[in-house]
Amino acid sequence: MTDADIESKALSGDVEAQCSAAFLHEIGVDRPQNYQKAAFYWQMAAKAGKQLAIDKLRHLVETGRIPANFLEAPGPKPTPSSGDLKPSPSGAPKILLADDEEELRGLMVEYLEAAGLRVVMAINGEDAVQKVLANPDIKVIVTDLKMPKLNGLQFINTLRRLQVASEARIVVMTAFSQPNLIAEGKRLAVDTWLVKPIKPSIMIETIKKHLQHQRKDQVA
């Protein structure tokens, strides 16, 4: 079974495959070590009650490789509740998610759609520009910083030059938090800067706050 097959099974909910994928990323078998990806797969297995995964997350936190919030009590995937957005699919708020990492993008889309959001995906900065042009009703743009072709800030700068999506709120998610990058984000009117790894609940909460602010602005 190839690494791609293992990760595909992991994303489909196979707990043993989730553990295998986590090991591959943690120890760097035929690839660079990636503790962030390992933590995502360990957390998926932990949510299924796998004690090994819970222990591995604890170890990664204790050794400073991932943030402590990965140790929050595992629970079911978020589903719409009385306080969540629950419009009909055709009228649900439309979100753009731009990220070149397929596994993380797919996982995040699953959570966002469970929260009642319509998600348009982009795999790089150029693709993101095209998706925005094709979907003028996008309410919130969530973009990774490090992407091929156009990085996140270049993508946002392109939108500003084209004078499109001016009403959309913009959330940048990245593992980089250097002051010069944040300053450039402020210049481009980025609304929120989230540092990876990001818990899906935090992402959903951030998006909903921006949607609520948009509604208030429209009423005003």
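Of note:
- Only one of the listed residues (A189, A165) is farther than 30 Å from Y35 by Cα, assigned to a loop (DSSP other than H, G, I, E, B) and either touching a Ser or Thr at 6+ places or on another chain (Cβ under 6 Å) or open to solvent by less than 40 Å² (accessible area, probe 1.4 Å) (or both). That residue is A165.
- Residues located in the stretch 196-220, provided they are farther than 18 Å from L112 by Cα and either modelled with pLDDT of 80 or more or of a type outside the set (A, V, I, L, M, F, W, C) (or both): H213, Q214, R215, K216, D217, Q218
- Residues within the stretch 197-207 that are surrounded by 16 or more Cβ atoms within 10 Å (Cβ to Cβ) and touching a strand residue (DSSP E or B) at 6+ places or on another chain (Cβ under 9 Å), tallied: 4
- Criterion (part of a loop (DSSP other than H, G, I, E, B) and modelled with pLDDT of 80 or more) met by exactly one of G13, G64: G64
- Any hit, the stretch 131-140, residues being under 16 Å from A189 (Cα atoms) and touching a Gly at 6+ places or on another chain (Cβ under 9 Å): no
- Contact annotation: residue pairs with Cβ atoms under 7 Å, 6 or more positions apart or on different chains, pairing a residue in the stretch 90-111 that is touching a residue at least 40 places away in the same chain (Cβ under 8 Å) and open to solvent by less than 30 Å² (accessible area, probe 1.4 Å) with a partner that is part of a helix (DSSP H, G or I) and of a type in the set (F, W, Y), are A98/F155; L104/F40; L107/F40.
- Candidates V140, V119, V129, filtered to the one that is at pLDDT 95 or above, touching a helix residue (DSSP H, G or I) at 6+ places or on another chain (Cβ under 7 Å) and either open to solvent by 30 Å² or more (accessible area, probe 1.4 Å) or of a type outside the set (G, A, S) (or both): V140
The values are calculated or read from the model by the stated rules, or taken from the named source; none is laboratory data. None of these values were measured; they are calculated from a predicted model. Please note: Cβ atoms are built from the backbone with ideal geometry, for glycine as well, and neighbour counts cover all protein chains shown. When the accessible area is computed, the model is the full protein with side chains, heavy atoms only, and any ligands, DNA or RNA have been set aside. Shrake-Rupley method; radii C 1.70, N 1.55, O 1.52, S 1.80 Å.
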